[in-house]
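The structure under discussion appears below in the form of structure tokens.
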Protein chains: 2
Amino acid sequence: MGKRYSLGIDFGTLSARAVLLDLESGQTAGSASYVYPHGVMSCPPGGSAGGRRMELQDPADYTEALERVVREVLSGEDGGLVAAVGIDFTSCTPLPLDDDLTPLCSLPKWRSIPDAWPKLWRSFALPQGKKIAEAALRRGEPFLEQTCGKVSPEWLPVKLLEVKEESPELYRAAAYYMEAGDWLVSRLVGEPVRSANPASFKCFYRNGFPGEEFFEAVDPSWTGVVSGPLRGRIVPVGQKAGKLCREAADRLGLPEGIPVGGMITDAHAGVYASGAAFDGGMLSVLGTSACHMLQSAAGLPAPGAAACVKDGLVPGLWTYEATHLMGDGFERFVGCFCPESLKAEAAARGENIYAFLNEKAAGMMPGESGLTVLDWFGGNRCILGDSSLTGVIAGLTLRTEPAEIYHALLEAAAFSMKVNCDNYETNGLSIRRIVATGGLARKNAALMQIISDVMEREIAVCSADEGPALGSAVYASSLTGERTLKDAVRDYAAPAGRIFRPDPERAGTYRKLDARWLKLHDLLGREHPELIRR
Amino acid sequence: MGKRYSLGIDFGTLSARAVLLDLESGQTAGSASYVYPHGVMSCPPGGSAGGRRMELQDPADYTEALERVVREVLSGEDGGLVAAVGIDFTSCTPLPLDDDLTPLCSLPKWRSIPDAWPKLWRSFALPQGKKIAEAALRRGEPFLEQTCGKVSPEWLPVKLLEVKEESPELYRAAAYYMEAGDWLVSRLVGEPVRSANPASFKCFYRNGFPGEEFFEAVDPSWTGVVSGPLRGRIVPVGQKAGKLCREAADRLGLPEGIPVGGMITDAHAGVYASGAAFDGGMLSVLGTSACHMLQSAAGLPAPGAAACVKDGLVPGLWTYEATHLMGDGFERFVGCFCPESLKAEAAARGENIYAFLNEKAAGMMPGESGLTVLDWFGGNRCILGDSSLTGVIAGLTLRTEPAEIYHALLEAAAFSMKVNCDNYETNGLSIRRIVATGGLARKNAALMQIISDVMEREIAVCSADEGPALGSAVYASSLTGERTLKDAVRDYAAPAGRIFRPDPERAGTYRKLDARWLKLHDLLGREHPELIRR
């Protein structure tokens, strides 16, 4: 077989990236990226958010990005050699469409209505989230098993109810309410399709959506949801969404009829790129937040995890998710509480402040400062799952230095990761290998070493520069009928980059410190949460 | 009776002040101050501390200051009209003397030895403090009743043992080891005298020093302490130390033979100046630390207080002390964790950063930020009396602002004051009136209002500019035989300045917040101190 490519395209929060995977050599043959001109908007262009706090995007940015990165990554290559296309996207970032899959926000009639625009994953609809959670708990909806009993205020049905309540006329006009990634894939294959991946994790899908009676139980006037805005064929993970339609093929310079994968959530696509797509493989995405995605053949309940979805990412395996705050906490501290003198010292050495603080942190002994931090600055999203909890810094003295607090924040992040992984394991889910990706995994060696010492495990950093885009290409390569997803991941996943290994002495100290951290965690988080509730 | 004066001289940490009190009008007729040229030294001039951390002073600064401030305050007045002299001094700030009351550090032979110099109150001798505390507890020494079971590493016997252990030859050469204030008074009256005031609070005096066997129990080779370095007549509070000797009278331009008061600890002298010298009167000195000095006719045990001394300050009354960190915590936060942007904003308004933060704090509602602070940054010196505890900030979120932490620090200081005062009252000691003095009382109205709201009490700020010096003058005026100490305080104490009164609504909110604060206090401070131990 001659040269052939798989094309993966990753749509992130602020930009899109394409990666061209050479299926013969297994190497990346090219990449391209494009920053969305409209970025993140707090209200419709020229309009108003009506006092609501939301983060909107312009779907024209997505289509523009798609054409540009595909054309650019293929420049000098023969587009006819592309054998499959895969797309990953942030989730849940949905938008309302008309019958022709035209975004309502692109129509003059709806342009000024915030609810007509794609709402970014981190836009929350709190009151609607509460209503839906209450109804689900009251009815004991089976989907709660896979959401671990929770309903996030960012998920698709929640955002849909927000549209209904805030903009009823627009709601009635919407033929579909769809993940933006599903919308892009639907345009590529020429018919409305939804991927089981985001549907399972963020839309209550579990061999089907909940019955209409569930939505009516939330609000008696909320009828015809599944047969209405949630319409569209569901594409199981591991199967193609369809074939590239002529119009899309022409627009992108790709062969008509090649398989197109269903949308994969961007973080999940990284699992394919990292190789952690087997029983016991875990990908930890370490960025503003941390998300630990474990694949397991054992579909055991894991109370305290954030998700537990069968066939959601790898056919035949359960995917568990656990999450907690990470970089956002460091950033707030450095931005707001790190004195100018340290920043000046860093600047004088020509270092950025993080590099400078990381160097200091790397020189400190475990727990040297005596500080203990519960990093619940955005609530506890770990095993306690209580978003009303707040952060705690204990061990402060008149001599506590800012760099010591930074170090303790790194330690807290590692303890939080450990508590999540221990939770997996005490529930019978074994972790055989941890691969890390994300900005912190690549740039913060001090943090990575602390994590390795605390976890007493090897942590391999994924070497891929564009993990999700590569993952989409890997995923797409499994749709040509020539190889299984398992084979595709084995052959095309990026090799491990730097590997962090625990230092026995530091690990020993951290064992004691972790026990103390856990006591404070339980004392304030479980026994006396009222003392640290917002 | 014609015009007559009482002269009070206050020796602080960095300077001395004199106040001339007009006994006819009750007004201050003049004041003068002098900054010690040598300030605080970390080692003997031209010498070395030998790796020890200590804060030394030069006794020549004291004698120079005495002459200068007395001469200056009398300039233009007739020194012959001075009827009595009183001196207050920091404590415990002792020095070794030879038989002629000459400081050993002034002799060439001892000049280079750190232990020959006065050691400032805040110089600690930790190992010696531990030894003495252990012996006292083991033997159940009666003096522990008045020190509330504690031995501070800054007290006179502790510092004396440090001299013995670190500089045995010097120890043998010392005829006396004496509070610097006692030394000054001894020079004025021409014979070695010690005031019962500092001796009771900081030298285990209780109708006499402990027997020699106590010191021998600390260290069998520590013999002849009471008959040796602790020699000197004890002057009870309320009685004169002696008459001004000719030599001192000539040197200072004062009448020979006038009564001289025994040294009073500087903070205690403020009690006379503030009028809080009656049953139920409490003076709160609010500075780097807070000290709450309550006078009571009920000599009930008050576990958790820092001192409980009969006849130590007002004859016939017990004086209780309770203490906790205050301004040192604010200063550390503002110095180390307050961002440049806030300081720049303050500077742009021409305000210092504290005034700026206080203004912001005054505009916040009680507990608005959701933060709870245990301000044990220097250990808990309050009712828990555990110096190994550390500080805690709870309630942190990604939106917590530095000004909110500052506000929470002010609230924590108020809660700490309340827990001390509640401890007095639950032990049966009633507080009838609170007068506040010190830098924070005079300059930080935001703090004072929070204290008043939290305590649900009026807090009067003492109007005296030079509280301790005025207090020494008031005290001295009671030694002429014309009036009792009670009358002197009634006639000459400074009137109340600004009075802070609780706002009922804010007080109501603080009642709930205080309950929460107290729960965290007990949970971490009593039930789980191991989680926040240094």
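Given their separation in residues at 0.36 nm each and the Cα-Cα distance between them, B:Leu14 and B:Glu359 gain 121.2 nm when the chain is fully extended. Rounded to the nearest 20, the size of the Cβ-charge dipole of chain B about its Cα centre is 500 debye, with Lys and Arg at +1 and Asp and Glu at -1.
Our analysis of chain B gives Rg over Rh at 0.97, with the two radii drawn from alpha carbon positions and Rh computed by the Kirkwood formula.
Chain B has one residue whose beta-carbon comes closest to the axis relating it to chain A; that residue and its distance in whole Å are B:Glu340, 2.
The dipole here belongs to the protein assembly as shown: it is taken about the Cα centre, uses +1 on the Cβ of Lys and Arg and -1 on the Cβ of Asp and Glu, and is about 880 debye.
Note that chain B presents 36 Å² accessible area per residue, ligands and nucleic acids not counted, probe 1.4 Å. Normalised by 2.2 N^0.38 Å, where N is the number of residues, the alpha-carbon radius of gyration of the range A:183-232 equals 1.25. The overall shape of the range B:329-397, judged from the alpha-carbon gyration tensor, is prolate: a/c is not under 1.5, and a/b is greater than b/c. Each other copy places its own label point for A:Glu359 at 3.9 nm from this one, sorted shortest first, where the point lies 7 Å along the Cα-to-beta carbon line. With one equal scatterer per alpha carbon and no solvent term, the Debye-computed log10 I(q)/I(0) for the range A:381-426 at 0.14, 0.23 1/Å reads -0.45, -0.91. The modelled label-to-label distance between B:Glu213 and A:Glu216, using points 7 Å beyond Cα along the C-beta direction, is 9.3 nm. Normalising the Debye intensity of the range B:436-479 to I(0), with uniform scatterers on Cα atoms only, and taking log10 at q = 0.21 Å⁻¹ returns -0.70.
What share of Cα pairs, in percent, lie more than 54 angstrom apart in the protein assembly as shown?
Working: 197603 of 569778 pairs.
Across the protein assembly as shown, Cα pairs with separations above 54 Å total 35 percent.
Based only on Cα atoms, what Rg/Rh ratio does the range B:333-462 have, Rh being taken as Kirkwood's radius? Don't skip to the end; give the middle numbers.
Working: Rg = 15.7 Å, Rh = 15.9 Å.
Over the Cα atoms of the range B:333-462, Rg/Rh equals 0.99.
Inter-copy label distances at B:Arg231, using a point 7 Å along Cα-to-Cβ, come to 10.9 nm with the shortest given first. Scattering from the range A:149-284 was approximated by placing one identical point on each alpha carbon and applying the Debye formula without solvent; log10 I(q)/I(0) at 0.20, 0.22 1/Å stands at -1.20, -1.32. Accessible surface buried by the B/A pair amounts to about 3200 Å², both sides summed, 1.4 Å probe.
In this calculation the C-beta distance from B:Ser227 to B:Glu77 is compared with R0 = 41 Å, giving a FRET efficiency of 0.40.
Extending 7 Å from Cα along the Cβ direction at B:Glu482 and again at B:Asp100 yields two label points whose distance is 3.8 nm. Largest first, the three principal axis extents of the alpha carbons in the range B:62-155 are 58, 36, 24 Å in whole numbers.
Could you state the number of Å between the C-alpha centres of the range B:351-405 and the range A:369-407? Going from one Cα centre to the other spans 15 Å. When only Cα pairs below 8 angstrom with a gap of at least 6 residues are kept, the range B:200-260 shows a relative contact order of 20 percent. The convex hull defined by the C-alpha atoms of the range A:224-378 has an orientation-averaged projected area of 16.0 nm².
Relative to the 2.2 N^0.38 Å rule of thumb, the range A:385-534 has a C-alpha radius of gyration ratio of 1.29.
Length gained on full extension, A:Thr509 to A:Ser25, computed as 0.36 nm times the residue gap minus the Cα-Cα distance: 169.7 nm.
The simple Förster model, with R0 at 56 Å and r as the Cβ-Cβ distance, assigns B:Glu67 and A:Arg138 a FRET efficiency of 0.05. Residues in the range A:306-322 carry Karplus couplings, in order, of 9, 7, 7, 10, 7, 6, x, 9, 10, x, x, 10, 8, 10, 9, 10, 9 Hz; the curve used is 6.51 cos²θ - 1.76 cosθ + 1.60 with θ = phi - 60°, and Gly or Pro positions show x.
Computed over the alpha carbons of the range A:1-139, Rg followed by Dmax gives 18.8, 59 Å. Which residue, A:Ile87, A:Ala135, A:Ala116, has the largest displacement toward the positive end of the dipole of the range A:79-146 when charges sit on each Cβ (Lys, Arg +1; Asp, Glu -1)? Comparing the listed Cα positions along the dipole, A:Ala135 ranks first. Within the range B:431-516, the percentage of alpha carbon pairs spaced more than 19 angstrom apart rounds to 50%.
With 20 Å² as the minimum drop in accessible area between chain alone and full protein complex (1.4 Å probe), the qualifying residues in the range B:337-370 are B:Phe337, B:Pro339, B:Glu340.
Ignoring ligands, DNA and RNA, please state the percent of accessible area on the range A:146-201 from carbon and sulfur, probe 1.4 Å.
After summing per-atom areas, the C and S share lands at 46 percent.
Please list, by residue number, everything in the range B:430-472 whose backbone N is under 16 Å from a paramagnetic label point 7 Å out along Cα→Cβ of B:Asp422. So the set is B:431, B:451-457. Give me the percent of Cα-Cα pairs in the range B:289-385 that sit more than 18 Å apart, rounded to a whole number. For the range B:289-385, the share of Cα pairs beyond 18 Å comes to 63 percent. Plainly put, the range B:11-79 has a radius of gyration that is 1.17 times its Kirkwood radius, both from alpha-carbon atoms, as the Rg/Rh ratio. If I fit a long axis through the Cα atoms of helix B:467-477 and take the longest principal axis of the Cα atoms of chain B, what angle between them do I get, 0 to 90°, rounded to 10? Helix B:467-477 and the main axis of chain B meet at about 40 degrees. Placing R0 at 51 angstrom, the Cβ-Cβ distance between A:Arg246 and A:Glu351 gives a FRET efficiency of 0.40 after rounding to 0.05.
Can you tell me the length gained on complete extension of the stretch A:Glu169 to A:Glu458, counting 0.36 nm per residue apart and subtracting the Cα distance?
Details: separation 289, 0.36 × 289 = 104.04 nm, distance 5.46 nm.
Taking A:Glu169 through A:Glu458 to full extension adds about 98.6 nm, to one decimal.
The values are calculated or read from the model by the stated rules, or taken from the named source; none is laboratory data. This structure is a prediction, so every number in the text was calculated from the model and none was measured. Note that each Cβ is placed from the backbone with ideal geometry, even for glycine, and that neighbours are counted across all protein chains shown. Please note that ligands, DNA and RNA were not included when accessible areas were found on the heavy atoms of the full protein model with its side chains. Shrake-Rupley method; radii C 1.70, N 1.55, O 1.52, S 1.80 Å.
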